[in-house]
Each structure stands twice: as C-alpha cells, then as structure tokens.
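These notes concern the structure reproduced below.
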Amino acid sequence: MAVIWQHQEGDTQYEVRSAGTSLRLYTNGAFHSQHSEKHLFTGAIWDLLSIPACFVRATIPRSVLMLGVGGGAAIHQIDKLIATEQILGIELNPIHIQIAKDIFKVKGNHIKLIEADARKWIDEHHSQFDVVVDDLFIDATDDPERPFVLDREWQDSLSNTVGQYGVLIQNHLSQKAATAAADQLKDHFSSALFFNVPQYENVVLATYRQSIERRSAARFFEQSLKTQHPGAIRKLRYRVRQYY
C-alpha cells in the first residue's frame, strides 16, 4: 500500500493510500473511507451508506443530503446506484472537502459540498430530501467517534428533513447504539432495517417513511443491480435484518 498524499494539520495527520484499484483515506492512522473507480462496492461499511436507499420502492429517490462527507466514497456510490438530481454534502472539516474534490474526484453539477456544522445547518434550513445520510464522526485515538450524543432532539430534527417517501440512514458503532436510535425514531418512520457487513462491528440503521419488508426489498434491489451494474453483485457482502 503506497501513500500518494499526506497532510499535517495541527495534531492531525491525513493520508490517502492506494490499495489495488482503491483509494483509502486515513486520519491519524485510522481507516476512514475507501473508493474504487473500477468497483462499485468494496465489501466494507461504506457500502451500507448507499444500499438502503435502493430499498425504497414507492418512488425513485432524487435528492440526497449527506451529513459527513469524509473522502466522498458514499457520494460516489449513491450517485451511481440511484438517479440523483441533487446531492448536498455537509462537512465541517475543510481538509475532507479538499480530499473529496481533489483526490477522490467528487464532482458534478448536481453535487455540492458545503463546509458547515451539520447541527447548525439542519437548524437553519428546512428543506426535505428523499435520502438523508447521517455519517457524522470525528477523529479519535483509535477509531472515529460521534461528535455528540444522538439525543431525541437531534433525531427529531433529522426526521424533519426526510421527505414523504424517504429514508434516513445512520451509521452506528454497535448494535446497541443502532437499536437505541431506532427506538428514538419509531414515531417518525414505518420501518427500520439493520445493515451490516462481515468484519465490521458497525451497524447501519435505515428507517423508512413507508413500510418495507426486507426480503422483497432486497430482491428488488439485487434484481435492479443485476440489470444496471451486472458485475457489481459479485462484491456484495451485506446482511440485513428487520427491526420493525
């Protein structure tokens, strides 16, 4: 694995390394994000920030709000998987925005990256989106951690940004955290699914405005994938469970 870019900002060391066909972002040695131009899926946790959007069947998702951009891997994936007309990325760290634009090549007239605090941005804006992804993490000694507690106030604010047929996707570090979040969101959404991949403890929670049955939704997603991205299914490694 070769280091192709690095930058020191205060106590934080940023590195982008190449690994086969992939680019990987590391912050203080912690593996932060991964993207490959040749492979839609990586088999890692970042796949799960886009896959749940493909389980929506009532309407085609068009608008995406991404809270936490990182290297932009999830933006690349979701842009390829669904016919997006607008992707808005909110990122507090300007270095991450630079990396996403200059190295991971996140670009397009329909993609806009904004340097802002996600909580303040949510409080000040009242737009709704078909897909809302909450992947807000900060650098820690070992692995990234949440910058603040996901309390009821935050979950209510997030819920208000999700459209009538939309989905809220949240990355959690454990099953316990994902379950607690799902319970907080139960009054706002009809269905909740837990997604995970082997070798990662993270659990991604997806809550849907409309009722979703995981088996039929998964078949719908995989059949669409075979049609639109026939080679991608070989790297699909996700598992999904229904909570409500």
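The values are calculated or read from the model by the stated rules, or taken from the named source; none is laboratory data. Keep in mind that what you see is a predicted model, and the values were worked out from it rather than measured. Neighbour counts run over all protein chains shown; Cβ positions are idealised from the backbone, glycine included. Accessible surface is based on the protein model in full, side chains and every heavy atom, while ligands, DNA and RNA are left aside. Shrake-Rupley method; radii C 1.70, N 1.55, O 1.52, S 1.80 Å.
Per residue of segment 115-125, in order, report the coupling 6.51 cos²θ - 1.76 cosθ + 1.60 (Karplus, θ = phi - 60°) as ³J(HN,Hα) in whole Hz, putting x for Gly and Pro.
Each residue's phi maps through the Karplus curve to give 7, 6, 7, 4, 5, 5, 4, 4, 5, 8, 10 Hz.
Which order do Asp11, Asp151 take when ranked by solvent-accessible area (1.4 Å probe, heavy atoms of all protein chains), largest first?
Asp11, Asp151
Taking only DSSP H segments of four or more residues, each worth -39500 (n - 2.57), what value at 222 nm results for the chain once the sum is divided by all its residues, to the nearest 500 deg cm²/dmol? It would help to have the intermediate numbers written out before the result.
Numbers: 6 runs with 59 residues, N = 244.
It lands at -7000 deg cm²/dmol.
With θ set to phi - 60° and the Karplus curve 6.51 cos²θ - 1.76 cosθ + 1.60, what are the ³J(HN,Hα) couplings of segment 26-42 in order, to the nearest whole Hz, using x for Gly and Pro?
After applying 6.51 cos²θ - 1.76 cosθ + 1.60, I find 10, 10, 6, x, 8, 5, 10, 6, 8, 8, 10, 5, 8, 10, 5, 10, 10 Hz.
Leaving ligands, DNA and RNA out of it, work out the accessible area of Thr21 with a 1.4 Å probe and give it in Å² to the nearest 10.
Number for this one is 70 Å².
What do you get when you divide the Cα radius of gyration of segment 119-231 by 2.2 N^0.38 Å, with N the number of residues?
1.14
Which of Ala44, Leu225, Gln13 sits farthest toward the positive end of the charge dipole of the chain, with +1 on the Cβ of Lys and Arg and -1 on the Cβ of Asp and Glu?
Towards the positive end, the residue furthest out is Leu225.
Could you work out the relative contact order of segment 146-244? I mean the mean sequence separation of Cα pairs under 8 Å and 6+ apart, divided by the number of residues, in percent.
29
Would you mind getting the accessible area per residue of the chain, heavy atoms of the protein chains only, 1.4 Å probe, in Å²?
For the chain, the per-residue accessible area is 48 Å².
Once the Cα gyration tensor of the chain is found, what semi-axes does its equivalent ellipsoid get, as square roots of 5 times the eigenvalues, in whole Å, sorted largest first?
26, 21, 17
Tell me which residues come under 5 Å, amide H to amide H, from Gly163 once H is placed; ignore anything under 5 positions away on its chain.
Phe129, Asp130
Where the accessible area of segment 1-81 is counted over protein heavy atoms with a 1.4 Å probe, how much of it, in %, is carbon and sulfur?
Answer for segment 1-81 is 44 percent, counting heavy atoms of protein chains only.
Can you grab the distance from the C-alpha centre of segment 154-200 to the C-alpha centre of segment 11-49, Å, no decimals?
After rounding, the separation between the Cα centres reads 24 Å.
Evaluate segment 35-119: find the radius of gyration of its Cα atoms, find its Kirkwood radius, and give the ratio Rg to Rh.
0.95
Taking a cut-off of 16 Å between Cα atoms, list the lysines near Lys105, but don't count ones fewer than 8 places away on the same chain.
Excluding near neighbours in sequence, the set is Lys38, Lys80.
Between Ser174 and Arg237, how many nm apart are label points set 7 Å from Cα along the C-beta direction?
2.3
Enumerate the amide H contacts of Ala116 below 5 Å, restricted to partners 5 or more residues apart or on another chain; note that Pro and chain-start residues carry no placed amide H.
Residues meeting the criterion, in which the H sits 1.01 Å from N, are Glu91, Leu92.
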